[in-house]
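Below is one structure, written out as structure tokens; the observations come after it.
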Amino acid sequence: MYYVQKTIEISAAHNLSLSYESKCEALHGHNWIIVVYCRAKELNRDGIVTDFTHIKRVVKETFDHQYINEVLNPGLTPGDEGYINPSAENIARWICDHVDNCYKVSVQESEGNIAIYERD
Ligand SMILES: [Zn+2]
């Protein structure tokens, strides 16, 4: 098995819809540190698992200096069917679903607070 791992830092804002009172419901930002893990049993014809530039494009160009609620939910508002609450866990899942050969993503919201999504 071949593996690649890429770490990307972005600045972005979000606010969460929660079933309990939390300061996270107010609009706020983080300097997120995102680690993307990809793997493949066989290398592609270029001899790589996943192009680092592809990973950067998906993460940095999608999220950097953006309002994550709108990125994950174009045209939707909280309460709409299919609305994705932009938690670190859901961001990790979204990235994993959009990067070729990705099986795991960790999203650090602030130092010591990290959410990880890993495909079964
Ligand atoms: Zn937050």
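The values are calculated or read from the model by the stated rules, or taken from the named source; none is laboratory data. Everything numeric here is computed off the predicted structure, so don't read it as measured data. Ideal geometry is used to build each Cβ from the backbone, glycine not excepted, and the neighbour counts take in all protein chains shown.
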Say we look at the range 49-86 and pick out the residues that are among the charged types (D, E, K, R) and exposed (fewer than 12 other Cβ atoms within 10 Å of the Cβ); which of these is nearest to Asp97 (Cα to Cα)?
-> Glu61
Where residues in the range 96-115 are within 16 Å of the ligand (Cβ to nearest atom) and in contact (Cβ under 8 Å) with a residue 12 or more places away in the chain, which of them is surrounded by the most Cβ atoms within 10 Å (Cβ to Cβ)?
-> Val107
Can you find a residue in the range 46-54 that is part of a helix (DSSP H, G or I) and at pLDDT below 95?
-> no
Could you list, in sequence order, all residues of the range 13-33 that are within 10 Å of the ligand (Cβ to nearest atom), closer than 16 Å to Asn90 by Cα and among the polar types (S, T, N, Q)?
-> Asn15
Filtered residues of the range 19-62 (kept if touching a Cys at 6+ places or on another chain (Cβ under 8 Å), in contact (Cβ under 8 Å) with a residue 60 or more places away in the chain and closer than 20 Å to Pro86 by Cα) = Val36
Quick one: how many residues across the range 86-120 are farther than 16 Å from Trp32 by Cβ and either assigned to a helix (DSSP H, G or I) or not basic (Lys, Arg) (or both)?
-> 7
